[in-house]
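K.L.:
Handing you this structure, nothing more for now.
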Amino acid sequence: MTPTKQLTWKGTILAIDTSCDETAVAVVQDRKVLSSVISSQVELHKKWGGVVPAIARRAHEENIESAFHEAVKRSGVMMNDVNGIAVTIGPGLAIDLEVGIDFAKKISREYKKPLIPVNHMEGHLLSSLLLNASGNGSFEQDPDELLPFLGMLISGKHTEIIRVEKFGEYKKLGWTLDDAAGEAFDKVGRVLGFGYPGGPIISEFAKKAPRKENFGLPIPMERSGDMNFSYSGLKTASLYRVTELREKGRKDTEWVADFCWEFVDSITKSIINKVGMALDEFPDTKGILTGGGVYNNEYLVRTLGSYVRSRGVQIYFPDKKYRGDNAAMIGIAGLRMFNHNNYLISEKQVEQVDRVPRFSIEDIIAPNI
Ligand code: KG4
Ligand code: ZN
């Protein structure tokens, strides 16, 4: 085995993410977030019931320049002091990724800075390692102390459980076979008439549930015997139950909060089951890092948190600002790569960087190059 270069987590990274519907630019220095600008397009996509890639692209093109200037200004850092430009190259929506990549290439040329092509899911995975400007955060120690650890990522398009023995080398233990958890939230939200994105509204209703009524929703992949996830069954079962309730003439207001609670509980249980299996298989696990927009659901955070701690393992959640899509997380993943000398300098190399819409976290180039 080649010796791994010790990660110092030192450096100043300007990071960009345009993988979906947020135009995000941030400056991260030694794990500290100096600035994080997120220009959200939720309002633009609402009337279509989901993200429309072409509309998102246009908004990225309109916003990226000002998000960049704002992020630099707020950080108090001069472009001269930046060590590298990190940009998400995937996974994400192809035509949207392109806007960030083209802009990153432009400033990489203009300021003569290395370009760091980042995997969006590595960003989510490392988001709990971000610190605020005063150096406080969910995990403040040397990240090497966490190894080996597990990652549990739950976002709009991905539900993945990952084993990490070395930063930069990620092994997926389980992933979604169809819909991701966030997608299930959004689709069921649409059935309930909540519009896009449904996740936050389902979570709000669930909080107020009187918990008087049960709907018999399944716990996804409860007996699959592996660590994979699948949420299309829960989505279909939800659709049937809602149709049934409405056909019976039941008013939504009578059952909707309890329904939302059961839906959230069912997703939470499915996550706990798989995390439990991973902890059984890897008793040397020192901690769990989490990431992704679905962690905005506080019930999930509380319940999964107590379960993992009851197994004698620590679990870390990102600050609320970095659970959903943002560029600070791309900054810390970029910092990891920068420390591993995993970046591109020559104009030719930079020019060749391209989007990878289905970029798996397992396919990140290993360190020591
Ligand atoms: O990580 P993220 O911002 O984007 C992706 O990379 O996909 O995750 C977005 C997902 C959406 O499906 C959204 O409905 C869900 O996160 N989400 C929530 C909540 N807030 C956002 N799901 C449940 N409860 C929430 N409060
Ligand atoms: Zn994301």
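K.L.:
Using square roots of five times the C-alpha gyration tensor eigenvalues, list the equivalent-ellipsoid semi-axes of the range 72-206 in whole Å, biggest first.
P.N.:
They are 30, 22, 17 Å, listed largest first.
K.L.:
When 1/r is averaged over all different Cα pairs and the result inverted, which Kirkwood radius in Å belongs to the chain? It would help to have the intermediate numbers written out before the result.
P.N.:
On the way: mean 1/r = 0.0476 Å⁻¹.
Final number for the Kirkwood radius of the chain is 21.0 Å.
K.L.:
Which of ASP265, ASP96, ASP142 moves most in a GNM of the chain, Cα contacts under 10 Å?
P.N.:
The residue that fluctuates most here is ASP142.
K.L.:
Can I ask one more? Based on the Cβ-Cβ distance from GLU281 to ILE55, what FRET efficiency comes out when R0 is 35 Å, to the nearest 0.05?
P.N.:
0.20
K.L.:
Okay, next question. Evaluate the relative contact order of the range 10-98 (contact order divided by residue number), counting alpha-carbon pairs under 8 angstrom at least 6 apart; express in whole percent. Before the final figure, lay out each step's value.
P.N.:
Working: 157 pairs, mean separation 36.2, N = 89.
Computed value for the range 10-98: 41 percent relative contact order.
K.L.:
Using the alpha carbons of the range 23-91, what is the convex hull volume per residue in cubic angstrom, as a whole number?
P.N.:
Dividing the Cα hull volume of the range 23-91 by its residue count gives 108 Å³.
K.L.:
Next up: Quick check: residue separation of LYS321 and LYS212 times 0.36 nm, minus the Cα distance between them. What number comes out in nm?
P.N.:
35.9 nm
K.L.:
While we're here: Between THR159, THR18, THR303, which gets the highest mean-square fluctuation from a Gaussian network model of the chain, Cα cutoff 10 Å?
P.N.:
Of the options given, THR303 has the highest mean-square fluctuation.
K.L.:
Right, next: Using DSSP, restrict attention to beta bridges with both residues in the chain and report what percent are antiparallel, rounded to the nearest 5. Don't skip to the end; give the middle numbers.
P.N.:
On the way: 28 of 46 bridges.
Within the chain, antiparallel bridges account for around 60 percent of the total.
K.L.:
Exceeding 20 Å between C-alpha atoms, which entries from my cross-link table qualify? They are LYS10/LYS32; LYS286/LYS321; LYS10/LYS320; LYS157/LYS274. Let's see the in-between values first.
P.N.:
Details: LYS10/LYS32 10 Å; LYS286/LYS321 25 Å; LYS10/LYS320 24 Å; LYS157/LYS274 18 Å.
The answer is LYS286/LYS321; LYS10/LYS320.
K.L.:
Pick from LEU129, LEU146, LEU14 the residue whose mean-square fluctuation is largest in a GNM of the chain, springs joining Cα atoms under 10 Å.
P.N.:
Highest fluctuation among the options: LEU146.
K.L.:
Could you compute the FRET efficiency for GLU165 and GLU222, with r as their C-beta to C-beta distance and R0 at 35 Å, rounded to 0.05? Provide the component values of the computation, followed by the final result.
P.N.:
Working: r = 29 Å, r/R0 = 0.82.
The formula returns an efficiency of 0.75 here.
K.L.:
Let me ask another. Quickly estimate the mean residue ellipticity at 222 nm for the chain, helices only: each DSSP H run with n ≥ 4 gives -39500 (n - 2.57), and the total goes over all residues, rounded to 500.
P.N.:
Helices in the chain give a 222 nm mean residue ellipticity of -13000 deg cm²/dmol.
K.L.:
Moving on to the next point. Once you keep just the Cα pairs under 8 angstrom separated by 6 or more residues, what percentage relative contact order results for the chain?
P.N.:
Across the chain, relative contact order equals 26 percent.
K.L.:
Angle, helix 181-191 long axis vs. longest principal axis of the chain, Cα atoms, 0 to 90°, nearest 10?
P.N.:
With rounding to tens, the tilt is 50 degrees.
K.L.:
Treat the range 258-356 as a sphere of radius equal to its Kirkwood radius over Cα pairs and apply Stokes-Einstein at 25 °C in a medium of 0.890 mPa s; give the translational diffusion coefficient in µm²/s, rounded to a whole number. Mind dumping the intermediate values first?
P.N.:
Working: Rh = 16.2 Å.
For the chosen part, D equals 151 µm²/s.
K.L.:
What relative contact order, as a whole-number percentage, does the range 170-213 give when Cα pairs under 8 Å and 6 or more residues apart are counted? Don't skip to the end; give the middle numbers.
P.N.:
On the way: 21 pairs, mean separation 10.6, N = 44.
It rounds to 24 percent for the range 170-213.
K.L.:
If I model a spin label at LEU239 and GLU298 as a point 7 Å from the Cα along the Cα→Cβ vector, what separation in nanometres do I get?
P.N.:
So the label points at LEU239 and GLU298 sit 3.3 nm apart.
K.L.:
Using a cut-off of 9 Å between beta-carbons, work out the net charge of the residues near ARG211 (Lys and Arg +1, Asp and Glu -1, ARG211 not included). Don't jump to the answer; show the numbers that get you there.
P.N.:
Numbers: positive: LYS212; negative: GLU213, ASP258, GLU262.
Net local charge, ARG211 excluded: -2.
Quick note: the coordinates plus some simple rules give every number you see, no bench work behind them. Quick caveat: nothing in here was measured; it's all calculated off a predicted structure. Note: ideal-geometry Cβ built from the backbone for every residue, glycine included; neighbour counts use all protein chains shown.
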